Amino acid sequence: MTDIFEPIIVGFTCNWCSYRAADAAGTGRTKYPPNIRLIRLMCSGRLDPTFVFKAFAKGADGVMVAGCHPGDCHYVEQNYKTMRRFHMMQRTLEQLGIEPGRIKLVWASAAEGNLLVKQMVGFIDEVRALGPLNWPKWQAEHGYYAEMDENPRSVGAKAMEEQA
Amino acid sequence: MSDKPKFAMYWAASCGGCEIAVLNINEKILDVDANFDVVFWPLAMDAKVKDVEAMPDKSILLTLFNGGMRNSDNVAMAKLMRQKSQILVSFGSCATEGCIPGLANLSSMKELFDTAYQTITTDNPQNIRPQVKTPVLEGELHIPEFFPVLRTLDEVVDVDYYMPGCPPESHQIAAVVALVVDVLHGKAALPPKGSVIGAGGSTVCDECPRTRNVKTIKKFVRVQDVEVIDPQMCLLEQGIPCNGPATRSGCGALCPKASAQCIGCYGPADDVPDFGARLMTAFSSVIDSNDPAEIDRILDTLPDPAGQFYRFNLAKSLLRAARPAWRNE
């Protein structure tokens, strides 16, 4: 056992390109670390920002969004919406204290298995360098999901003392 | 003591606007008085917490509770009111989703206290900070413990109904009062537990009379910077960041009708798990550019996205608070 931090990364992939690229990588026996959990969507444009926020809230350390190259969308131009959403999410997440490097947008066609793997491996290393996010643990420390009759923790009192 | 059913209203971390909205139902307030015995309502009458503590459990029929859980006193009062009430309504945006006080969840407790106790407008040369326990000559003084993260009422106690709005519109309050009176007289049934009452399920756009076309914008503008606002056209189409597409209906689209953008005070519509995420989808769709550099330039015209998307909803959003608040960094 080693003490290296293994990040949990949720990857949203498009049915027509990046999911097939990951599939092609597998068929070609190209290995990639199990840190990344791929979820297939019909299009990267199906990516509701809710999915990304929920992933972080439930304990993901990073989120990858992969779609068809600009101009190549199976649904004509939905990946452009993904591009705009991505920029908007990145800005909002930064204000909430989630580094822009924890979310990555990748364009990969069905033939680019090796390129996708390279991007995923690089992203895993980047997130590993940023360290764990632990959102569920923080929420629990502040009384979320706590037993309702339990006395709220004294984190506040402690923080108030530190200010003295 | 009369044998009328008992009514209470209490405030935690809130501004008091909700109680004003209740008083604003005008002569309908007489229906409240005719049908209820008001036993506890700090804004409107004199009663002490110990009076409430002395009441039997579940003896208050209806409690409207507004305000978020900012400190240990808020939580203690929420638990007390829950214990004494049959129906506890999370009343207004603060109790339901944190509202403006919930925006403090963007900052660490240190930042909050620095702002409150150590800025140029504060005369505090010894930099004294409040403490839960302070020894004085006469003994020990206690004040409530301040929590680094503001929570909503339903994170602390079981809530029967939610009534959104900052504040809830008076006609909606009057309708809810009328419903409860009907229930008392056996003329109506209570909605299922956990329902949102006094509001619609759809969005503000649904109630908005403005015309919507295919929206394409090259920049966002602040409403006060627009010289002439088209009275008929959708505000978002004019580049004014209107939160109508994600906001629950029920207000009658008051703000857009007056050429002011919806700021989202009624919270998320039905089936919207994260208010801000839904707005990001809506706003992204109207941006008229496919070029990353230009998209960035357009987004520069929306300088505070978290404030825009989570103005009322941060404490109830999926992430609930920013990292500095969780970690006190």
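Loop sites only, by DSSP: take the GluC sites (Glu not before Pro) in chain A that have at most 15 other C-beta atoms within 10 Å and name the longest stretch containing none of them. It works out to A:1-76. Ignoring lysines fewer than eight residues from residue B:28 along the same chain, the ones with Cα atoms less than 27 angstrom from its Cα are B:4, B:6, B:48, B:58, B:84, B:187, B:193, B:257.
Separation of the stretch B:242-273 and the stretch B:90-107, taken as the distance between their Cα centroids, equals 16 angstrom.
Ranked by how many other Cβ atoms sit within 10 Å of their own Cβ, fewest first, the residues B:82, A:37, A:29, A:46 fall in the order A:29, A:37, A:46, B:82. When +1 charges are put on Lys and Arg Cβ atoms and -1 charges on Asp and Glu Cβ atoms, the dipole computed for the protein assembly as shown relative to its Cα centre reaches about 1260 debye. Rounded to the nearest whole Hz, the Karplus-based 3J(HN,Hα) values (6.51 cos²θ - 1.76 cosθ + 1.60, θ = phi - 60°) of the stretch A:107-119 follow the sequence 9, 8, 7, 4, 8, 9, x, 5, 5, 4, 4, 4, 5, with x at glycine and proline. Applying 1/(1 + (r/R0)^6) with R0 = 22 Å to the Cβ-Cβ distance of residue B:285 and residue A:99 gives a FRET efficiency near 0.25. Other residues lying with their Cβ under 13 Å from the Cβ of residue B:102 contribute a combined charge of +3, Lys and Arg counting +1, Asp and Glu -1. For the stretch B:204-325, the square roots a ≥ b ≥ c of the C-alpha gyration tensor eigenvalues yield an a/c of 1.5 or more together with a/b not exceeding b/c, which makes the shape oblate.
Summing Cβ point charges (Lys, Arg +1; Asp, Glu -1) relative to the Cα centre of the stretch B:252-329 gives a dipole of roughly 460 debye.
Of the GluC sites (Glu not before Pro) in the stretch B:96-187, the ones in a loop by DSSP (not H, G, I, E or B) with at most 10 other beta carbons within 10 Å are B:138. Taking Cβ atoms as reference points and 12 Å as the exclusive limit, the residues near residue B:314 contribute a net charge of +2, counting Lys and Arg as +1 and Asp and Glu as -1. Counting neighbouring beta carbons within 10 Å and listing from fewest to most, the residues B:93, B:85, B:2, B:317 come out as B:2, B:317, B:85, B:93. A Förster radius of 45 Å combined with the Cβ-Cβ distance from residue B:182 to residue B:212 puts the calculated FRET efficiency at roughly 0.75. Based on Cα contacts under 8 Å between residues 6+ apart, chain A shows a relative contact order of 30 percent.
Taken about its Cα centre, the stretch A:9-133 carries a charge dipole of about 240 debye when Lys and Arg each add +1 at the Cβ and Asp and Glu each add -1 at the Cβ. In this label model, residue B:259 and residue B:126 are separated by 5.5 nm, measuring between points 7 Å along each Cα→Cβ vector. Per-residue shielding of A:45-52, expressed as the average number of other chain Cβ atoms within 10 Å of the residue Cβ, stands at 4. Between the stretch B:1-78 and the stretch A:35-92, what's the alpha-carbon centroid distance in Å? What the calculation gives is 46 Å, centre to centre. The overall shape of the protein assembly as shown is prolate: from the C-alpha gyration tensor, with semi-axes ordered a ≥ b ≥ c, the ratio a/c is 1.5 or greater and a/b exceeds b/c. Put in order of Cβ neighbour count within 10 Å, fewest first, the listed residues B:284, A:109 become A:109, B:284. The slack in the chain from residue B:270 to residue B:23, taken as 0.36 nm per residue of separation less the alpha-carbon distance, amounts to 86.1 nm.
Under 5 Å between amide hydrogens, built in the peptide plane, is the criterion, and for residue A:43 it picks out A:15 among residues at least 5 positions away or on other chains. On the beta carbon distance between residue B:141 and residue B:58, with R0 = 41 Å, the FRET formula returns roughly 0.75.
Placing unit charges on each Cβ (+1 for Lys and Arg, -1 for Asp and Glu) gives the protein assembly as shown a dipole about its Cα centre, and among B:94, B:308, A:116 the Cα reaching farthest toward its positive end belongs to A:116. Among the trypsin sites (Lys or Arg not before Pro) in the stretch B:260-329, none is located in a DSSP loop while being surrounded by at most 16 other Cβ atoms within 10 Å of its own Cβ. Where is the GNM fluctuation largest for chain B (alpha-carbon springs, 10 angstrom cutoff): B:42, B:135, B:268? Looking only at B:42, B:135, B:268, the largest GNM fluctuation is found for B:135. With pairing defined as another cysteine C-beta under 4.7 Å, the cysteines of chain A that fail it are A:14, A:43, A:73.
In chain A, the calculated helix contribution to ellipticity at 222 nm averages -13000 deg cm²/dmol per residue, counting -39,500 (n - 2.57) for every DSSP H run with n ≥ 4.
Enumerate by residue number the chymotrypsin sites (Phe, Trp or Tyr not before Pro) in the stretch A:1-80 meeting two conditions: DSSP loop (anything except H, G, I, E, B), and at most 15 other Cβ atoms within 10 Å of the site's Cβ. Here the sparse-neighbourhood loop sites are A:5, A:75.
As a length-normalised measure over Cα pairs under 8 Å and 6 or more apart, the relative contact order of the stretch A:61-146 settles at 35 percent.
Close Lys pairs in the stretch A:1-147 (alpha-carbon distance under 17 Å; sequence gap of 8 or more, or different chains): 6. The 3J(HN,Hα) values that the Karplus relation (6.51, -1.76, 1.60; θ = phi - 60°) gives for the stretch B:72-82 are, in residue order, 5, 5, 4, 5, 4, 5, 4, 5, 5, 5, 4 Hz. Gly and Pro appear as x. Label-to-label distance, residue B:222 versus residue B:158, with points set 7 angstrom from Cα along the beta-carbon direction: 4.7 nm. Candidates A:70, A:98, A:144 compared by Cα position along the dipole of chain A: farthest toward the positive end lies A:70, with charges placed on Cβ.
Each Cα pair under 8 Å and six or more residues apart adds its separation to the average, and for the stretch A:15-86 the resulting relative contact order is 36 percent. Think of the protein assembly as shown as a dipole: +1 on every Lys or Arg Cβ, -1 on every Asp or Glu Cβ, centred on the Cα centre; then among A:86, B:113, A:39, A:39 lies furthest on the positive end. A crude spin-label estimate for the pair residue B:73 and residue B:38, with each label 7 Å from Cα along the Cβ direction, gives 2.2 nm.
Judged by the gyration tensor of its Cα atoms, with axes a ≥ b ≥ c, chain A is prolate; a/c meets the 1.5 cut and a/b is the larger of a/b and b/c.
Taken together, the values in this text are just the output of simple stated rules run on the coordinates, not laboratory data. Quantities reported herein were computed from a predicted structural model and do not represent experimental measurements. Every residue, glycine as well, gets a Cβ built from its backbone with ideal geometry; the counts of neighbours run over all protein chains shown.
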